[in-house]
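Written out below as structure tokens is the structure these notes cover.
What follows is calculated from the coordinates using simple rules that are stated; it is not laboratory data. The shown structure was predicted, so the numbers you read here are calculated from the model rather than taken from an experiment. Neighbour counts run over all protein chains shown; Cβ positions are idealised from the backbone, glycine included.
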Amino acid sequence: MEILVLVDHVDNEIKKVTLELLTLARSLGSPAAVWAGPGWSEEARTKLAEYGADKVYVADDQAIADHVVAPTAELLAGLVADKAPAAVLIASTGEGKEIAGRLAIKTDSGVLTDAVGLGEGFVAEQPIFGGGVNVRSRVVKGTPIVTVRLNSTVPAAAPAAGAEERVSVALSESARSARVVERVKEEKGARPELAEAEIVVSGGRGVGSGENFAIIERLADSLGAAVGASRAATDEGWYPHQFQVGQTGKTVSPQLYIAVGISGAIQHRAGMQTAKTIVVINKDEKAPIFEIADFGVVGDLHTVTPQLTEEIIKRK
């Protein structure tokens, strides 16, 4: 069974989530990567083949990048019609979910979003109701279209053929109706990108001020981690909104999540509770976040966090 995997790439760099999707697809069938937009290279083909892509459909067309997400949905719809894949896997990002929704309409298929696991019969594991309930869901109409959360699968190399097949897409007028007129490159710091990071250290209202977020940053840097923040902290202006973790922010699923001074409102838990290991530092022993913690420290974060940072640095 051929399973289409949409390649997530930026500036010709294949994002880690694509390797996770290929690994997941291998457990269910034969992965076929789909490259949409410019930047295709032999290096990209080699990378996709290294992680199990038996085939790579390449639409190396600048027009796909010039017209937001609609062209990618049309490309995938054409492949679904021509190749009759068993399923389509897409990264559960904002853009990925929009593509999945459009593809579902075009192919008259069911769509599942934010899956954290996918088993036989394409039965997906999903956290719903703000992460309060975990369910198992299955598409019952058309081709299963599933968006998968980042860091839900550990990528594992398994070399395959990676046979390249060129494809094209004739863009409809509606796909051309929204055009990208400017791109502004965000400066990338030394820390990993929040949604893809394997370790995340987040601060909340208990941090007390924007200046005090230096404590969170030092702990994150000692671990090579990304920095996150609760909605309360970003609403106070203590940390930029693009680093907000939660239902209305970014969803993360790292190997390790350290919550510092975060009470654990359902809005925040929805964005991080699928982390493999959760460590909590909070002076309120009744804080709701302790309910989902694997390890917890009841204490003043301004004392505990610097001590933890020092100990980590000593052990490096």
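Here are the numbers:
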quantity	calculated
Computed label-point distance, nm, for sites Val140 and Lys314 using a 7 Å Cα→Cβ extension	5.9 nm
Packing-based order for 149-158, 269-278, using average beta carbon neighbours within 10 Å, highest first	269-278, 149-158
Angle in degrees between helix 16-26 and the longest Cα principal axis of the chain, rounded to the nearest 10	60 degrees
Relative contact order [Cα under 8 Å, 6+ residues apart], the range 2-166, whole percent	29 percent
Of Lys15/Lys55; Lys16/Lys55; Lys250/Lys314; Lys16/Lys185; Lys141/Lys276; Lys15/Lys276, pairs whose Cα-Cα distance is over 23 Å	Lys250/Lys314; Lys141/Lys276
Gap separating the Cα centres of the range 237-294 and the range 112-168, nearest whole Å	24 Å
In Hz, Karplus ³J(HN,Hα) per residue of the range 289-295 (6.51, -1.76, 1.60; θ = phi - 60°; x = Gly, Pro)	5, 5, 5, 10, 7, 7, 9
Length-normalised contact order of the range 86-218 in % [C-alpha pairs under 8 Å, at least 6 apart]	22 percent
Of Gly249, Gly237, Gly101, the one that fluctuates the most in a GNM where the chain has Cα springs shorter than 10 Å	Gly237
Length-normalised contact order of the range 194-314 in % [C-alpha pairs under 8 Å, at least 6 apart]	25 percent
Among 33-44, 11-22, 295-306, the order from most to least packed when residues are scored by Cβ within 10 Å on average	11-22, 33-44, 295-306
Whole-Hz ³J(HN,Hα) from phi, Karplus 6.51 cos²θ - 1.76 cosθ + 1.60, for the range 143-159, glycine and proline x	8, x, 10, 10, 9, 10, 5, 4, 6, 7, 10, 7, x, 9, 5, 7, x
Structure-derived semi-axes √(5λ) of the Cα gyration tensor in Å - corresponding label in (1) 37, 20, 19; (2) 47, 27, 19; (3) 32, 23, 18	(1)
Amide H contacts under 5 Å for Glu2, placed H, 5+ residues apart	Ser30, Ala86
Gain on full stretching of the segment that runs from Glu186 to Ala81 - 0.36 nm per residue minus C-alpha separation	34.1 nm
Phi-based couplings in Hz for the range 107-124 (Karplus 6.51, -1.76, 1.60; Gly and Pro marked x)	9, 6, 10, x, 9, 10, 10, 6, 5, 10, x, 8, x, 3, x, 6, 7, 9
Pairwise label distance in nanometres, Glu217 with Asp284, each label 7 Å out on the Cα-Cβ vector	2.7 nm
